[in-house]
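The values are calculated or read from the model by the stated rules, or taken from the named source; none is laboratory data. All of these numbers come straight from a predicted model, not from anything done at the bench. Cβ placement follows ideal geometry from the backbone for every residue including glycine, while neighbour counts extend to all protein chains displayed.
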Amino acid sequence: MRISELSERSGVSPASIKYYAREGLLPAGERTGYNQTDYTDAHLERLRLIRSLIDVGGLSVAATAAVLTAVDAPDLPLNEVLGTAQQALPQPVAPPSRASVERITALAADHGWHVHPGNPGVRTAAAVLDGWAAVGRGDLESVLPAYARAADLVADADLDAVSDAVEAARAGRDRASAAQTVVVGTVLGDQLLAGLRRIAQQNAAGRRYGPPPEGNSS
């Protein structure tokens, strides 16, 4: 297909398609003549993945490129693909305090979690504790055990969702698909969890305090 058709089917402008190709996110099409390039359905699928990671997952172009490089690396273990996807997610700008990092590390130990010190989740969670402390709401740390129990359930669900793909990769079948499953589940899963949390919050608030006034969706 020509770039005009690829653009129409993907919803991505020709300029963005060319940009993604230059940045290495999208494989180049096949040159078929002067100023003419052919693209395939594989390019269409890749564009949809790129836009999902950027538009839904909130990744930058550079972070998306790093994630897709990991997906495309045939010898990269899937746990390293997972690590790359986690590192690509938005991180706090300022480093968290040592006290908050130690609090999160202790929480992980209490739950029997084996976590690498460089796991970006430690920094993200610790930054939240610093944010609470900054506004005088350190008392909100009381939710940590419940959040950790919920995180355990979510993590198990995540791994259950990719287990078939992982087993296929271990058997030497379709490693690229398994890697993509890990990335999509990690990056888009954050957004899914945030959306479901908001829905559940509204439901819990209605159950405890009654329905909101008509016309108020919060």
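Observations
- Residue in segment 34-42 that is of a type in the set (Val, Ile, Thr), loosely packed, with under 15 Cβ neighbours inside 10 Å and under 27 Å from Ala155 (Cβ atoms) present: no
- Of the residues making up segment 1-46, those that are in contact (Cβ under 8 Å) with a residue 12 or more places away in the chain and part of a loop (DSSP other than H, G, I, E, B) are Met1, Arg2, Gly11, Val12, Glu23, Gly24, Leu25, Leu26, Pro27, Gly29, Tyr39, Thr40.
Condition check ((1) within 24 Å of Ala178 (Cα to Cα); (2) under 26 Å from the mean Cα position of the chain (by Cα); (3) among the small types (Gly, Ala, Ser)) across all residues:
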{"site": "Ser4", "(1), (2), (3)": "no, no, yes"}
{"site": "Ala21", "(1), (2), (3)": "yes, yes, yes"}
{"site": "Pro27", "(1), (2), (3)": "yes, yes, no"}
{"site": "Thr32", "(1), (2), (3)": "no, no, no"}
{"site": "Gln36", "(1), (2), (3)": "no, no, no"}
{"site": "Ala42", "(1), (2), (3)": "yes, yes, yes"}
{"site": "Leu49", "(1), (2), (3)": "yes, yes, no"}
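- Close contacts from segment 138-151, counting a first residue that is farther than 17 Å from Leu193 by Cα and a second that is assigned to a helix (DSSP H, G or I) and aromatic (Phe, Trp, Tyr), with Cβ to Cβ under 8 Å and a gap of 6+ residues or different chains, come to Gly138/Trp132; Leu140/Trp132; Glu141/Trp132.
- Within segment 110-133, residues that are within 19 Å of Ala150 (Cβ to Cβ) and touching a residue at least 40 places away in the same chain (Cβ under 8 Å) have Cβ atoms under 9 Å from residues that are surrounded by 14 or more Cβ atoms within 10 Å (Cβ to Cβ) and of a type in the set (A, V, I, L, M, F, W, C) in these pairs: His111/Ala148; His111/Ala151, counting only partners at least 6 apart in sequence or on another chain.
- Of all residues in segment 87-109, those being surrounded by fewer than 17 Cβ atoms within 10 Å (Cβ to Cβ), touching a residue at least 12 places away in the same chain (Cβ under 8 Å) and either assigned to a loop (DSSP other than H, G, I, E, B) or not assigned by TED's automatic domain parsing to the domain that holds Ala151 (or both) number 6.
- Residue in segment 186-198 that is over 30 Å from Arg46 (Cβ atoms) and modelled with pLDDT of 85 or more present: yes
- Unmet requirement for Gly112, which otherwise passes all of (1) of a type outside the set (A, V, I, L, M); (2) in contact with a Gly (Cβ under 7 Å, 6 or more places away or on another chain); (3) not in a helix (DSSP H, G or I): (2)
- Ser52 vs. criteria touching a helix residue (DSSP H, G or I) at 6+ places or on another chain (Cβ under 7 Å), among the hydroxyl-bearing types (Ser, Thr, Tyr) and touching a residue at least 40 places away in the same chain (Cβ under 8 Å): yes
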